[in-house]
Amino acid sequence: MMWFFRYLLPWILAMAPAALTAGELIPTPEFSGHAIPTTEFPEGPADWRPILDTAALVVALSLASYFALVNRSRRNLLLLTVGSLCWFGFWRGGCVCSIGAIQNVSLAAVDPTYAIPVTIILFFLLPLVFTLFFGRTFCAAVCPLGAFQELICVRSIRVPRWLDHCLGLIPYIYLGAAVLLAATGTAFVICRYDPFVAFFRLSGSANMLLFGGCFVLVGLFIGRPYCRYLCPYGAILGLVSSVSKWHVRITPTDCIQCRLCENTCPYGAIQPPTIDQSPADRESGKRRFVALLVLFPLFLVFFAWLGTFLKVPLSRLHPEVRLAEQIREEELGIAEKTTDASDAFRNTDRPVMDLYKSAIARQNHFGRLGGWLGAWVGFVFGCKWIHLSLRRRRTDYRAERSNCVACGRCYRYCPNEQLRLGFIQDISELVPEENGNLKNEDRRSKTKD
Amino acid sequence: MPNATQTKNRRGFLGDSMRVAGALATCSFFGYLAGRKGRNRELLWQIDPDKCMGCGNCATHCVLDISAVKAVQCFPMCGYCDICTGYFDVGYTELDTSAENQLCPTSAIVRTFIESKAGQRFYEYTIDPAKCIGCAKCVKGCALMNGSLYMQVMHDRCLGCNECSIAVACPTEAFCRVPAEAPYLMKRQAIPLVKKFSIR
Amino acid sequence: MSSCIGATLFAAVVVGTYALYRLDPWANRGNDSPTRSALDLQDQFSIQPQLIHYLQTSEIPIPLDVVRAIAVGLEDRIYVAGDRTVYRFGSDGAGEVVLHTDGEPTCLAIGFNRHVAPGTFYVGVGKAIEVFLPNGEPLAVWHGLSDKTVLTSIAVSENDIYAADAGERVVIRFNPQGEIAGQIGRTDPDREMPGFILPSAYFDVAIGPDGELYAVNPGARRIEEYTSDGMLEGFWGKAGTAVDAFFGCCNPAHMAILPDGRFVTSEKGIPRIKVYNGFGEFECVVAGPSELGVRDSATVDARLEKNTQVFDIAIDSQGRILVLDPNTKRIRIFESRQEK
Amino acid sequence: MMQPSSHYYPTVFLTALVAGLFSIAVCVLLWVNYIQRSGNLAEDVPQYLMLKESLRQQPDNAPLREKIRGLDLQLRQEYFRERRFTYHGVFLLLGGLATTLITARWAATLRRKLPMPDSISSRQDPDMQVARFAYPALAVLGILFTGSAILLVLSHQSLPSRLGEMARWNPPDTGLTGTLPTPNPAPAPDLATPEEIAVNWPRFRGPRGDGISAYSNIPTTWHASSGQGILWKAPVPLPGNSSPVIWGNHIFLTGATEERREVYCFDASTGTLLWQKEVPAGSPDSPPPKVTEDTGYAAPTAATDGRHVCVMFANGDVAAFDFAGNLQWHLGLGTPKNIYGHATSLAIYRDLLFVQFDQGSAKDGLSQLLALETSTGEIVWKKPRPVPNSWSSPLVVDNATPPQIIACGDPWVISYAATDGAELWRAKCLRADIGPSPVVADGIAYAVSEFPCLSAIRIDGTGDVTETHIAWTADSGLPDTCGPLVTPDYVLLLASYGTLTCYDKNEGGDPLWEMDFDGNFRSSPSLVENRVYLLSEEGTAWVVELGREMGQQIAEADLGEPCVTSPAFQDGRIYVRGAEHLFCIGLESEIKNQNVEGMAESE
């Protein structure tokens, strides 16, 4: 057993005095005829995989934009959707997706020690850039979550537009909370509560699968529930999309106001033309707008104030604060039992006071951040309120830019598209007289203006 | 009419420039983020074995049916003990491989006799990754001795979730992101030993 | 149809919310799940109360940052080595520094009444033994040990001083002048000397009531008796998980001998202090993990950084067992229940 | 696409239905399998565990062993079989679901009706309609958010926001006490009792800061040169003008040089230096303080709450140790702007440590009074003080309601509530450099400085009490350093040039008598029974018996080295710090005993 002292002891002594009490090892024997094996580890994912994924993303985005804006083919889009679902969903396991990348980017912006991989940056950035020029074609056929929901939407029922507006605020609030929690290194909530990723992985915790299943059930009847009422990346893309260079159009030429497309969008993105207001309505609208503008800062302050109270629930999400609370409860004798984390903590030398100090500092930090989150919620609410009171005149049926996910369902309902594709010879084959009249009436009213 | 078109053109141009500028600004910000740390390679999840307490959450909290985390043997650190506390249940009756004496619930540890020396018998213990479910029982057992058994995320199985569910459940924050070119970690104590044996 | 869809949607929302609520990301519920893979050390950890024949009667705080070794000197005064000093406690628990060593002491022994120089301090410091007069003045430093020396224990007999060297795996015998008079326990197949198996820096020696030398062979999990010229006289001890055996790779870590010749052993890993009779038969337990203030979670914690529990022991003339607790930096004093 | 309902429809629909049922079946099977499997590892089967346990009882039972092996094999096989089933089942399910979806969509497409726009008669402005419902809906959503936020907040009770509150924190009754184990009462902060404080010497000039001994068996004479009356003397490693404080058997002292600050703990019975700890620099970047010989680097006297000893140094560092000498906390308040050097001693009330940190000129606005938690060093409150640098020490009056802390500065004597620092009253009666510390007896505060007078202020006022609550003033024999000594009948002042002036305690006015001593005085006078102890800078001590007509010098003693600190009195002993040593002066009888013991020991 001399080898122990020849090789190990100098090292133990170098580590002394700690090594005298901890870390002593039974020496590995020197065998006469047996070589000490090296541990075999399976290889990680290949180097080229991220490159391939990025390339696939670029190709898919380009194709989606081409299919939606130039080719105007719902079938091609659908095929691409299936392809994307297979590649980005099932093959890639769903991670890291553009939606989740929000959190990595937030963390990287705040925490200089976190080196964000280039792939994640590109997954976050490329859809944004494409959306800036072509609208939400990413959502249409590239995003695996979108693709999944697109495909399961069997029988869609229409959500009333006012409800759509309200629920449409949730993504912004979710975005704010997700950024806050990610930037503080607390949690990646978007990933934690992603309903579909368990399907892509073909496994997951029972509760997550159940949750996903419920989402699927909802998705059968309500088009893209996640995209519309939760997706924080969709919220960003919606904003970008509203200033995009090009965008999906329902009709390839001019709208003839036939109203055939009116109910075709399962996502409630097609807006009917407006009817001019009476002067009295216009006046009250103006007054309301001014009142809202005045109330806006109050709104911000109120919600910010409210947000500061969130410091405890928010900070609870942080492991260190949770640990400090558990330890405290144990010390007061009100904890029912110890946890692994508290056991682990007690087995080390770290003083309890030190933990408390750090936890309290963190909690106070969350108090401030909660204020910001509250202000953001107030801002979102205020903006929506103001947005609702603003009126823009619309004369045609068209896809609302921020909500339209460029799925291409509406194309074929347009007589002009049918005409373009050569399915019909004349618009009157499709459009009843009544509707034609409407168009003329409208024209008349237009000329009056 | 030409005036209108001109205005429209001008406005369109302005919009385009804004878009390009916005895109460029965003890109450069992200370029900064990417470039700040120099090497921005892919990151993978891994367990820092010095922080792992062997709680067993790896077996239950992985999104995979069978956890991506498995026990590994660091041979240069192993004492090749006859009475291996990682292999034998503390209530063993005989030092043999029969079921009632084994600690591992799936029999994933293979015990091989190597040689007998100065009255001591030495055995090699190898983990069969196909059977290992990552319950960390052997890791806790081995910690009573050398601690050569430890937990690692197996990258052929790990899906690389953006937020690792085991990391969230980990009581000691032992999970960390490691660069893809060095995807496995070693115990601090093992480093000199592994070096020593690899030189030989 | 639409009411059917509505009901489905409602049910989905309710079930989904419930599923989210049931989600257990932080493994809070993990603890009571029956599938948890716990390492069951309960039998080793909770010792049957009828086996515990001793009771902790008092506790003395030690005002040192590091405590290394404990010994009992003349008049039953307690000495603790650590922090480059040797610290003495009076009967009232008040203490004082009696001497300063050159480096960090690792072991300590004090000449008893029948020793050639009663009251002399022998302190193992690095690769040398520092010798001090009873008043704390330095007397000599005994060098002459090898480069690999790791001193882990010193014991004094009437005419000799034995030092356990974990580095060379021998017990070195000094005469009172500091000259090396012999080495005991080196592996020697000719004399059927198996040698000491020392996986760690725990290697204890002690002198029996009749001057015989006992040394722990932790790797073999036994205690061996030697003559002063290095002949192995006998040994006892068995490895195992039961309470009468020595657990783990290398135990006991410390040993002391009661005035009537019984042995007291201190194990590490699952800390246990036990009494064996002169023939090595298990008698009783002095203290188990819970008596020593060690949580059961600490023994199944796989981390290296965790607190390690190794308790040095010493015995005074009344047979009280003094346990040096490095966690709380206290001396725990155990007395037999019957005598109480 | 526009074809009418096709004849494929029934087939397609049926396929969708079958595929859907298949998927559901697979799903259920998988679920059952999942639930079963998690309880199927051998170690989770109670039967297996029971068998194993019985084997432990009877290790030689061979049939039992065989039974265990058989069961183990069976369980493991089952486990791995179920694992395989899950693996394949998932793909089956995926296939089934895909088929269901495709066919269901196909069926839906086949059944799709052509769009039929509503009639246009009832057309309203769509945006108006949206807005009409959206506003209230938004409001409801907002209320929902606010409500859930409030619920969240109410349902989460957490750590207190400050560490100091931690000790007293007790989470509110959650209403679940019926199901939870009854919570233990919050541990009361571990504080010394008033009785304990009264018999110790926890701060500058004793438990009440008035220099009055609780013991009467105090020696009156000693001579260091001959060793007469000296129980022991111990060298103090670093110089300092701070006085000893005592708790039980521990004597605490501080000493410092420009570079190093140390705390010493001596054994009161033997004079052994129990420990000696360096105080780490609290604010290493601050410049070293400018001090004079009169103050030095360790002028502030320590204070103890019986659990911790708190110390302060001229550079503004404050620290606390436990009695074993472990540093509990330390912080640097920054080097004070003080022309002679910071000399104000510390005071403690319950678990609060008071630091009177007067510095600069009054205009600088730098002076403040801080209250720190003794156990953590956390600042509980701080109050700015409208005064320039001063050298007087704050005084805690704990028997007043509310408890007060009185601090002197130029020109204000200000009283603060000890618990929260609220100002209670202030009186304008001091001028220039303020050295003597105030004393309170029987509801009257005595504050004095070299100019203009000694003032007796009733402490029950509020606001500015200069005009209303000053009982009397006196103006001869005013000290610049030594604090006043207030006996049951008299108020004594000891001027630094050696004049002891006695006033009637209730009337003031003209002195009753004066006595001159041949010495310079910076050590405040002390009282034992009716005897006044005076210690001169040169080391001579006088003991004076008090009388209404005249003081009677009854003894003279000699310390043998210069002394500027105030003595501490314990049972039969005086502890006093000289320039180099800490002396313990004891009764002759005790010294004899000790010698006898010593001889016995040496025999």
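Residue-wise test of (1) small (Gly, Ala, Ser); (2) in contact with a strand residue (DSSP E or B) (Cβ under 8 Å, 6 or more places away or on another chain); (3) more than 12 Å from residue D:356 (Cα to Cα).
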| position | (1), (2), (3) |
| --- | --- |
| D:385 | no, yes, no |
| D:390 | yes, yes, no |
| D:395 | no, yes, no |
| D:398 | no, yes, yes |
| D:403 | no, yes, yes |
| D:407 | yes, yes, no |
| D:414 | no, yes, no |
| D:418 | yes, yes, yes |
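Looking at residue A:129, is it over 19 Å from residue A:405 (Cβ atoms) and assigned by TED's automatic domain parsing to the domain that holds residue A:199? Spell out how you get there, then give the answer.
Details: over 19 Å from residue A:405 (Cβ atoms): no; assigned by TED's automatic domain parsing to the domain that holds residue A:199: yes.
So residue A:129 does not fit the description; no.
Out of the residues in region B:21-47 that are more than 9 Å from every other protein chain (Cβ to nearest Cβ) and surrounded by fewer than 17 Cβ atoms within 10 Å (Cβ to Cβ), state the one that is farthest from residue B:150 (Cα to Cα). Spell out how you get there, then give the answer.
Of all residues in region B:21-47, those more than 9 Å from every other protein chain (Cβ to nearest Cβ) come to B:21, B:24-25, B:28, B:32, B:35, B:45-47.
Remaining after also requiring surrounded by fewer than 17 Cβ atoms within 10 Å (Cβ to Cβ): B:21, B:24-25, B:28, B:32, B:35.
Working: B:21: 52, B:24: 47, B:25: 46, B:28: 43, B:32: 38, B:35: 35 Å.
Selected residue: B:21.
Looking at this structure, is residue D:211 of a type in the set (Gly, Ala, Ser) and touching a helix residue (DSSP H, G or I) at 6+ places or on another chain (Cβ under 8 Å)? Full working, then the answer.
Working: of a type in the set (Gly, Ala, Ser): yes; touching a helix residue (DSSP H, G or I) at 6+ places or on another chain (Cβ under 8 Å): no.
Answer is no for this residue.
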Looking at the structure I just gave you, is residue B:138 under 16 Å from residue A:42 (Cα atoms), within 12 Å of chain C (Cβ to nearest Cβ), touching a strand residue (DSSP E or B) at 6+ places or on another chain (Cβ under 6 Å) and buried (at least 21 other Cβ atoms within 10 Å of the Cβ)? no
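Test residue D:557 against the stated conditions and say whether it is in a strand (DSSP E or B) and modelled with pLDDT under 90.
Values: in a strand (DSSP E or B): yes; modelled with pLDDT under 90: yes.
The answer is yes for residue D:557.
If only one of A:101, A:109 is more than 26 Å from residue A:226 (Cα to Cα) and either outside any loop (DSSP other than H, G, I, E, B) or more than 8 Å from chain B (Cβ to nearest Cβ) (or both), which one is it?
Numbers: A:101 fails: more than 26 Å from residue A:226 (Cα to Cα).
From the options A:101, A:109, the qualifying one is A:109.
Take the conditions more than 22 Å from residue C:71 (Cα to Cα) and within 14 Å of chain A (Cβ to nearest Cβ) and apply them to residue C:269. Does it pass? Outline the logic, then answer.
Working: more than 22 Å from residue C:71 (Cα to Cα): yes; within 14 Å of chain A (Cβ to nearest Cβ): yes.
The answer is yes for residue C:269.
If you go through region B:59-85 one residue at a time, how many are within 12 Å of chain A (Cβ to nearest Cβ) and within 22 Å of the chain's Cα centre (by Cα)? Spell out the reasoning first.
In the first step, residues of region B:59-85 are kept if they are within 12 Å of chain A (Cβ to nearest Cβ); the result is B:60-68, B:70-85.
Within this subset, residues satisfying the condition of being within 22 Å of the chain's Cα centre (by Cα) are B:60-68, B:70-78.
The qualifying residues number 18.
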Are any of the residues in region B:126-134 facing another protein chain (nearest Cβ under 9 Å), in contact with a helix residue (DSSP H, G or I) (Cβ under 7 Å, 6 or more places away or on another chain) and either free of Cβ contacts under 8 Å to residues at least 60 places away in the same chain or of a type outside the set (Gly, Ala, Ser) (or both)? yes
What residue, of A:382, A:436, is within 14 Å of chain D (Cβ to nearest Cβ), at pLDDT 90 or above and over 30 Å from residue A:147 (Cα atoms)? A:382
Search result, residues across region A:37-88 that are in contact with a Gly (Cβ under 9 Å, 6 or more places away or on another chain), of a type in the set (D, E, K, R) and touching a residue at least 40 places away in the same chain (Cβ under 8 Å): A:72, A:74
Those residues that are in contact (Cβ under 8 Å) with a residue 40 or more places away in the chain and aromatic (Phe, Trp, Tyr), I need them from region C:240-299; list them, please. C:247, C:263, C:276, C:279
For the condition surrounded by fewer than 19 Cβ atoms within 10 Å (Cβ to Cβ), among the acidic types (Asp, Glu) and either in a helix (DSSP H, G or I) or within 14 Å of chain A (Cβ to nearest Cβ) (or both), what is the one hit in C:92, C:43, C:102? C:43
For the condition buried (at least 18 other Cβ atoms within 10 Å of the Cβ), within 14 Å of chain C (Cβ to nearest Cβ) and out of contact with any Phe, Trp or Tyr (no Cβ under 9 Å at 6 or more places or on another chain), what is the one hit in A:325, A:336? A:325
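Rundown of residues vs (1) touching a strand residue (DSSP E or B) at 6+ places or on another chain (Cβ under 9 Å); (2) in a loop (DSSP other than H, G, I, E, B), yes/no style:
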{"position": "A:273", "(1), (2)": "yes, yes"}
{"position": "A:276", "(1), (2)": "no, yes"}
{"position": "A:289", "(1), (2)": "no, no"}
{"position": "A:302", "(1), (2)": "no, no"}
{"position": "A:312", "(1), (2)": "no, no"}
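Pick out, from region D:205-315, the strands (runs of 3 or more DSSP E) lying fully within it that include 3 or more residues that are modelled with pLDDT under 90 and not assigned by TED's automatic domain parsing to the domain that holds residue D:348. Quick ask: steps written out before the conclusion?
Details: elements: D:230-235, D:245-247, D:250-256, D:261-267, D:273-278, D:308-312.
Passing ranges, in order: D:230-235.
Select from region C:105-137 the residues that are among the charged types (D, E, K, R), surrounded by 17 or more Cβ atoms within 10 Å (Cβ to Cβ) and out of contact with any Leu (no Cβ under 6 Å at 6 or more places or on another chain) and list them in ascending order.
Initial filter on region C:105-137 (among the charged types (D, E, K, R)): C:114, C:127, C:130, C:137.
Restricting the remaining residues to those that are surrounded by 17 or more Cβ atoms within 10 Å (Cβ to Cβ) gives C:127, C:130.
If the condition is that a residue be among the charged types (D, E, K, R), surrounded by 17 or more Cβ atoms within 10 Å (Cβ to Cβ) and out of contact with any Leu (no Cβ under 6 Å at 6 or more places or on another chain), then C:130 is the only one that fits.
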Criterion: more than 7 Å from every other protein chain (Cβ to nearest Cβ) and modelled with pLDDT of 90 or more - qualifying residue of A:369, A:355, A:390: A:369
Among the residues of region A:198-225 satisfying the criterion of being part of a loop (DSSP other than H, G, I, E, B), in contact (Cβ under 8 Å) with a residue 60 or more places away in the chain and farther than 15 Å from residue A:140 by Cα, which is nearest to the other protein chains (Cβ to nearest Cβ)? A:202
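Any residue at all in region B:2-12 that is modelled with pLDDT under 85, within 22 Å of the chain's Cα centre (by Cα) and within 12 Å of chain A (Cβ to nearest Cβ)?
The first filter runs over region B:2-12 and keeps only residues modelled with pLDDT under 85, leaving B:2-12.
Filter once more, keeping what is within 22 Å of the chain's Cα centre (by Cα): none.
Looking for residues that are modelled with pLDDT under 85, within 22 Å of the chain's Cα centre (by Cα) and within 12 Å of chain A (Cβ to nearest Cβ), one finds none in region B:2-12, hence no.
So, in region D:493-549, exactly how many residues are hydrophobic (A, V, I, L, M, F, W, C) and more than 20 Å from residue D:208 (Cβ to Cβ)?
Keep residues of region D:493-549 that are hydrophobic (A, V, I, L, M, F, W, C), which gives D:493-495, D:500, D:502, D:512-513, D:515, D:517, D:521, D:527-528, D:532, D:534-535, D:541-544, D:546.
Subset that is more than 20 Å from residue D:208 (Cβ to Cβ): D:495, D:500, D:502, D:512-513, D:515, D:517, D:521, D:541-544.
Residues that pass the stated criteria total 12.
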Determine which member of the set A:228, A:192 is within 14 Å of chain C (Cβ to nearest Cβ) and out of contact with any helix residue (DSSP H, G or I) (no Cβ under 6 Å at 6 or more places or on another chain). A:192
Restricting attention to region C:223-248, and to residues there that are surrounded by 16 or more Cβ atoms within 10 Å (Cβ to Cβ) and in contact with a Ser or Thr (Cβ under 8 Å, 6 or more places away or on another chain), which single residue is farthest from residue C:39 (Cα to Cα)? C:228
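The values are calculated or read from the model by the stated rules, or taken from the named source; none is laboratory data. Being a predicted model, the structure only gives us computed values, none of them experimental. Note that we place each Cβ from the backbone using ideal geometry, even for glycine, and neighbour counts take in every protein chain shown.
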